[in-house]
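Bear in mind that the values in this text are calculations on the coordinates, not laboratory data. From a predicted model like this one, the values you see are computed outputs, not experimental measurements. Neighbour counts are summed over all protein chains in view; Cβ atoms, including those assigned to glycine, are modelled from backbone coordinates with ideal geometry.
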């Protein structure tokens, strides 16, 4: 039986403002990753903080529709966090957050998972970030770990502390995916490929830097290469990186490269295999940006897109 993937991090309601109109839908980078995995039929548990309010119930329904298990469930007396997302004429998104991040997962056993994904606000904002670190410490003996910093400067008032936290997270991660904007914020003016290579020295077996329409830089223990993007008409960019991340995890899972026992095999991954995985993750992201909101593909969507 396939063990589920555990995703840990924030869930919130995106209030999307465009052309003077607003609409609400579930959001949050880790939540989007869990939803994307569910859409790809990957067994997944999402550990987060959701209030027992209308927004929390909407996110719960959203996740369950994709087959995602929610841990610990809706919390009475708490409100669900939100983000106001303003879209410009190109569909690019800017965010303004109203977020609280704490986590109570006393009944969760991280060692029952083959893989744990974390990142974004949940990796940096206290007091929840301390709980995330505790989960990772318990999981690392049995699970592989993936990390997406998905930097949100609104929550990172001390740049040096944010860099230190990022590098601490790198040291416990096997797979790292970041955007070029993440790297530029953390290390202004740095070369992306050099930054990826430095990160690899911290412990991961695989580092991918995404560049939007510029494709991706892939760095493994034995190789460094680029994978191009796909040409697509962009509706908006919400959830694109999260959809890529879900596709990446699914691709590694399909090749039996997740889990602590598979670390040696992951460290030896070859270019052909890695290219196939990243191309599929890129397809996931391209389908997502062609739609409004964080609306990642199903397996059926991927099959149609390949035909």
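Taking the average, over residues, of other Cβ atoms within 10 Å as the packing measure, peptides 20-33, 72-85 rank 20-33, 72-85 from highest down. On the beta carbon distance between residue 88 and residue 141, with R0 = 51 Å, the FRET formula returns roughly 0.65. Here residue 76 and residue 23 are evaluated by their C-beta separation; at R0 = 30 Å the FRET efficiency comes out at 0.65. Between residue 126 and residue 3, full extension at 0.36 nm per residue minus the direct alpha carbon distance yields a gain of 41.4 nm. Counting only DSSP H runs of at least 4 residues, each contributing -39500 (n - 2.57), and dividing by the residue count of the chain, the helix-based mean residue ellipticity at 222 nm comes to -11500 deg cm²/dmol. Here the Kirkwood formula puts the hydrodynamic radius of the stretch 203-296 at 13.5 Å, using every distinct Cα pair.
DSSP beta bridges confined to the stretch 85-191 are antiparallel in about 30 percent of cases. Among 115, 62, the order by Cβ neighbours within 10 angstrom, fewest to most, reads 62, 115. Counted over the chain, the DSSP beta bridges are approximately 40% antiparallel.
What's the Cα-based Rg to Rh of the chain, Rh via Kirkwood? Ratio of gyration radius to Kirkwood radius: 0.93.
Gain on full extension, evaluated as 0.36 nm per residue between residue 168 and residue 225 minus their Cα-Cα distance, stands at 18.0 nm.
Its residue count N fixes a reference of 2.2 N^0.38 Å for the stretch 121-203, and the Cα radius of gyration divided by that reference is 1.07.
Taking 0.36 nm per residue of sequence separation and removing the Cα-Cα distance, the residue 264/residue 133 pair yields an extension gain of 44.8 nm.
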